[in-house]
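The values are calculated or read from the model by the stated rules, or taken from the named source; none is laboratory data. Bear in mind the structure is a predicted one, so any value in this text is a computation, not a measurement. In this analysis, Cβ positions are derived from the backbone assuming ideal geometry, glycine residues included, and neighbour counts consider all displayed protein chains. Heavy atoms of the whole protein, side chains included, go into the accessibility calculation; ligands, DNA and RNA do not. Shrake-Rupley method; radii C 1.70, N 1.55, O 1.52, S 1.80 Å.
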There are 2 protein chains.
Amino acid sequence: MERSYIFNAGPSALPLEVLQKAQNELVNFENTGMSVMELSHRSPAYDKVHQKAKSLLRELLSIPENYEVLFLQGGASLQFTMIPMNLLGEGVGNYVLTGSWSDKALKEAKKIGDTAVSASTKETNYDRIPTLSELKHNENDAYLHVTSNNTIFGTQWHEFPKNVPTLIADMSSDILSRPLNVSDFGMIYAGAQKNLGPSGVTVVIMRKDLVERIPDNLATMLDYRTHIKSDSLFNTPPTFAIYMLSLVLEWVKEKGGVAEVEAINKEKANLLYDTIDNSGGFYKGHAQKDSRSLMNVTFTLPNEELTKQFLSQAKEKGFVGLNGHRSVGGCRASIYNAVPLEAVKALSEFMQSFQEKA
Amino acid sequence: MERSYIFNAGPSALPLEVLQKAQNELVNFENTGMSVMELSHRSPAYDKVHQKAKSLLRELLSIPENYEVLFLQGGASLQFTMIPMNLLGEGVGNYVLTGSWSDKALKEAKKIGDTAVSASTKETNYDRIPTLSELKHNENDAYLHVTSNNTIFGTQWHEFPKNVPTLIADMSSDILSRPLNVSDFGMIYAGAQKNLGPSGVTVVIMRKDLVERIPDNLATMLDYRTHIKSDSLFNTPPTFAIYMLSLVLEWVKEKGGVAEVEAINKEKANLLYDTIDNSGGFYKGHAQKDSRSLMNVTFTLPNEELTKQFLSQAKEKGFVGLNGHRSVGGCRASIYNAVPLEAVKALSEFMQSFQEKA
């Protein structure tokens, strides 16, 4: 069996080299006579893994010293709750609605305090990111929350607002896909299972001064200060997921860093968007052109019968995960960092040959 | 490098056969052309893993139909908060204090509602489990919370109270080590990283009628109903940890089930306790005899110098994780299900030969 062409939306493709390295040392990690899964989280051998993941993330994203880096559990979905619990206070949480995930984030904040909608593109089925001039907020708002990339709709922020209240971004589906000016954000968070590693660990990057907002008497596990003080080791962390994260970060570094990875991501995305745009309307992109995502390419075919045929033939040829989400229909190719250019070329060729025969 | 003798308190030893199976199929899971980590959590291939883990746990612990089985994140520590949030209501949460973990559970409940201490053995540094007649509670209490095994102090409940308010047990460190009458409990929960698998997944077994107590407007991720309704697939679960759990459960079944595993656990524990008891006082057990744990054997040596020598020589011989917790001092051998009898025999022999030379 050859390796599939993995276009899953998340959990998604991991670099083959990373999987092979993990496989090689799965039973005996660095001559410890144990699996990395069997290491005590208080042991020097595990601490090396933990610190490597942290320092590589700091290095690759140029995270300034005045930001904390945390490894938590519960996915971005638990952050939807922890953010307002910790950072909302008596202020207003302002949310830009660009898809299901930002909707869910807003829903949790509403349970905790005052919220407002800064902008929304729901009217056109989230086919675009609002322009910066559309965003409304008050200077005194507690924060402005955005979802940097929308997996379901295939849209992505290409420029972030500046001089806004504390900017908080859910970057679950595009962190590490492009260089970032971390200082523009108060907080960045991301579930690992798209660009960072397997599911089970969530990265939080938080400007240190934000802890001053945290109210007392929060549940210990839901208080960011707990995890800051303990270096994400308050209780047993998901050690294997953090180990995999460290390997993925190492792989990005070996590739030449985030700017290099971005160049390849652009090449991959351009290949698919060109295929769509040159199809004479056979394939139609869901996202408006200036909001197109480099991570998730969403497109439809002329009718449902052709979509079915496309997906079934694609499956036979070893393409996995091309079904679109029900909110958009059609197809979706998720081309995160670890999806090789060759897989994207194969998909582009398949799309063209399918169209020719249709 | 040979395999170490792994006596870690958690994360702890995994069955070698399980690690080897995971290693073999790490890059290509069941001819999918993908790693199990790359499977979509909505795919049939992953669903098979998820359902296998659930049904094996049900089978091995004879979990009745009127109980839910959930796979959550955040460890037992997040359960310390979720339990009172969901189940305390206007009632009283009654806690039996038998060590640091029950103390932590109580601390979180205090933030949420009314609590009481049913019994405590703190006065004698948690060297025993209270007798059933010592337990105080009121008929109308919301629940009675116990920690079935105390890793740090090496004590374990050998008989659980009956006819008490809803019994809730943190079984993180002894679940699956012995047969259990699940019907005696309202809820059982356990972080996986001792007897069930790697860290990163927490098992919750909850009697279905308890959901009636859950207040509205809880944070979605902290409401047990969210995970019940979605079969623990509300957001991306820690798929690899659940996969490893399924392999460990399969291994227990192949061993003959929980009763068979308990017989080996007793043999292992007896070997070490006999070594301690026959040492003429050279080794002293921390736990009182009738409260001794089958999972964590805690003991001290005559003085600190000998303890140091013991630990250093043990390390040279390939024993890992024997350092005692600072609250007790001395040594601790954690002999969970996956620690083979041979490793325990080797430790017992080493203890004897160390004593002879001392």
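Going by the alpha-carbon gyration tensor, a ≥ b ≥ c the square roots of its eigenvalues, is chain A rounded (a/c under 1.5) or, if a/c is not under 1.5, prolate (a/b greater than b/c) versus oblate? In terms of gyration-tensor shape, oblate. Its DSSP H runs of at least 4 residues, each contributing -39,500 (n - 2.57), put the calculated 222 nm mean residue ellipticity of chain B at -11000 deg cm²/dmol, to the nearest 500.
Chains B and A: buried accessible surface, both sides, probe 1.4 Å, rounded to 100 Å²?
About 4600 Å² of accessible surface is lost on pairing.
The mean number of Cβ atoms from other chains found within 10 Å of a Cβ in peptide B:195-202 is 5, as a whole number. Solvent-accessible area per residue in chain A equals 38 Å², computed with a 1.4 angstrom probe and all protein chains kept. Packing order of peptides B:11-20, B:186-195, highest average first: B:186-195, B:11-20 (average count of other Cβ atoms within 10 Å over each peptide's residues).
Within the listed set A:Gly89, A:Gly257, A:Gly280, the residue fluctuating most in the Gaussian network model of chain A (springs between alpha-carbon atoms under 10 angstrom) is A:Gly280. Under a 5 Å amide H cut-off, with hydrogens placed 1.01 Å from N, A:Asp114 pairs with A:Gly93 among residues at least 5 apart or on other chains.
Counting Cβ atoms of other protein chains within 10 Å of each residue's Cβ and taking the mean over peptide A:109-119 gives 1. Do any GluC sites (Glu not before Pro) in region B:44-93 lie in a loop, going by DSSP, with at most 16 other beta-carbon atoms within 10 Å of their beta carbon, and if so which? Passing sites in region B:44-93 are B:Glu65, B:Glu90.
Label-point spacing at A:Glu30 relative to the other copies reads 3.4 nm, in ascending order, each point sitting 7 Å out from Cα along Cα→Cβ. Inter-copy label distances at A:Lys136, using a point 7 Å along Cα-to-Cβ, come to 5.9 nm with the shortest given first.
Just list whichever of A:Lys284/A:Lys317; A:Lys111/B:Lys162; B:Lys104/B:Lys317; A:Lys162/A:Lys284; A:Lys308/A:Lys345; A:Lys208/B:Lys122 have alpha carbons separated by over 29 Å in the model shown. Beyond 29 Å: A:Lys111/B:Lys162; B:Lys104/B:Lys317; A:Lys162/A:Lys284; A:Lys208/B:Lys122. For each pair in A:Lys107/B:Lys52; A:Lys48/A:Lys315; A:Lys48/B:Lys21, compute the distance between the two Cα atoms and list the pairs where it is over 30 Å. Over 30 Å Cα-Cα: A:Lys107/B:Lys52; A:Lys48/A:Lys315.
Compute the normalised compactness of the protein assembly as shown: alpha-carbon radius of gyration over 2.2 N^0.38 Å, N being the residue count.
The value comes to 0.99.
Sorted shortest first, the distances from the A:Lys308 label point to those of the same residue in the other copies are 7.7 nm; each point sits 7 Å from Cα along Cα-to-Cβ.
Normalised Debye scattering of region B:137-261 at q = 0.20, 0.22 Å⁻¹ gives log10 I(q)/I(0) of -1.32, -1.43, counting only Cα atoms as equal scatterers and leaving out solvent.
A simple count of charges around A:His325, restricted to other residues whose Cβ falls under 12 Å of its Cβ and scoring Lys, Arg +1 and Asp, Glu -1, yields +3.
Each Lys or Arg adds one and each Asp or Glu takes one away; over the other residues whose Cβ falls under 10 Å from the Cβ of B:Asn86, this sums to +1.
Can you give the local net charge around A:Thr121? Use residues other than it whose beta-carbon is closer than 12 angstrom to its beta-carbon, Lys and Arg +1, Asp and Glu -1.
Values: positive: A:Lys122, A:Arg128; negative: A:Asp103, A:Glu123, A:Asp127, A:Glu134.
Result for the neighbourhood of A:Thr121: -2.
Loop-located chymotrypsin sites (Phe, Trp or Tyr not before Pro) across region B:260-358 with a Cβ neighbour count of 12 or fewer within 10 Å are lacking, with loop assigned by DSSP.
With Cα atoms defining each centre, region B:251-324 and region B:158-198 are spaced 22 Å apart in the structure. Legend: calculated FRET efficiency, A:Leu135 to A:Asn24, from the Cβ-Cβ distance at R0 = 45 Å, rounded to 0.05, equals 0.40.
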